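The values are calculated or read from the model by the stated rules, or taken from the named source; none is laboratory data. The structure displayed is predicted, hence computed values, not measured ones. Please note: Cβ atoms are built from the backbone with ideal geometry, for glycine as well, and neighbour counts cover all protein chains shown. Heavy atoms of the whole protein, side chains included, go into the accessibility calculation; ligands, DNA and RNA do not. Shrake-Rupley method; radii C 1.70, N 1.55, O 1.52, S 1.80 Å.
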Amino acid sequence: MRKNRVLVTGGAGFLGSHLCDRLIESGNDVICVDNLFTGSKDNIRHLLDNPYFEFIRHDVTQPIFVECDQIYNLACPASPIQYQRDPIYTTKTSIYGAFNALGLAKRTGARILQSSTSEVYGDPECNPQPESYRGRVNTIGPRSCYDEGKRVAETLFFDYHRQHGVDIKVMRIFNTYGPRMDIGDGRVVSNFIVQALRGQDITIYGDGSQTRSFCYVDDLIEGMIRLMNSREGFTGPVNIGNPGEFTIKQLAEMVVELTGTSSKIIYEDLPVDDPTQRKPDITLAKKELNWEPTIALRDGLQKTIDYFKGVI
């Protein structure tokens, strides 16, 4: 007998497809829901013949009626290029998607996990960022469709928990990278690797002194699953990310070294509202989930470079 019937929205995306892999390997029935706006069937093609995996092409801004024990709500464009392509739709996906997923959880009694984001902290005034930090955000900027949509989704989750007793878990995801990243999604790790492998100039926006913390996808998925199965009453929000902090220039130099490219590093203007620092405080994740990342940036980059060598 399989363990749980699990619904994954955004299941054909970068993170969602890795989550589906882990859930299937762990003995669950998985329903993968995705409208393929940014996800790809290629990410889940290897699962399509598995009798315990079901793919449904569906837009989460519309209700879906299935029976399930757990819901992972991952559906939303997640990179600036993707979410700024149709900012109104991005906001609708976050808010209507959360509303519909929560309604399903209320009806079925399923436990539900929201994949929120470190972007709720905006351009932070403290470093690292604990979950108690309320953020410094721009509500009307070009990134606000994503940032504010995720903030409202968190509000909905906690209101459904307080008003209807829905069993919720909220995780705030920090920068994550690894195989199956979209080659054209504009995220810094995939950008640098693709440019390096193609022998193109590696483009840094700003002077490269801004910092990020990069979590390898396997570590992130482990944290996500531990949160879903954490003790009753622990709702989060909880930061899941790698606290190792690197400047963007350091990342570019590491990619150059690992790929052996002859690409030059060039500099362009920093986009509006791009945060200057991003580093998670994972004290709560260590305490409640006994979780911390195990894969060093250099090792994870090498795995990711090997993947991109096979797709470009």
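Values computed for the structure shown
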| read-out | value |
| --- | --- |
| The stretch 266-292, residues that are farther than 20 Å from GLU119 by Cα, part of a loop (DSSP other than H, G, I, E, B) and touching an Asp or Glu at 6+ places or on another chain (Cβ under 7 Å) | TRP291 |
| Lone unmet requirement of (1) open to solvent by less than 60 Å² (accessible area, probe 1.4 Å); (2) small (Gly, Ala, Ser); (3) on the phi < 0 side of the Ramachandran plot for SER132 | (1) |
| Residue in the stretch 41-49 that is assigned by the TED database to the domain that holds ALA153, open to solvent by 10 Å² or more (accessible area, probe 1.4 Å), in a loop (DSSP other than H, G, I, E, B) and touching a residue at least 60 places away in the same chain (Cβ under 8 Å) present | no |
| Only one of LEU220, LEU284, LEU258, LEU227 that is more than 23 Å from ARG151 (Cβ to Cβ) and surrounded by 15 or more Cβ atoms within 10 Å (Cβ to Cβ) | LEU258 |
| Tabulated pairs, the stretch 52-81, first assigned by the TED database to the domain that holds ARG22 and closer than 18 Å to ASN4 by Cβ, second basic (Lys, Arg) and open to solvent by 20 Å² or more (accessible area, probe 1.4 Å), C-beta under 7 angstrom, 6+ apart or interchain | TYR52/ARG2; GLU67/ARG5; CYS68/ARG5; ASP69/ARG5; GLN70/ARG111 |
| Output for the stretch 58-80, where each listed residue is under 15 Å from the mean Cα position of the chain (by Cα) and outside any loop (DSSP other than H, G, I, E, B) | TYR72, ASN73, PRO80 |
| Subset of the stretch 165-180 [open to solvent by less than 10 Å² (accessible area, probe 1.4 Å) and under 12 Å from the mean Cα position of the chain (by Cα)] | MET171, PHE174, TYR177, GLY178 |
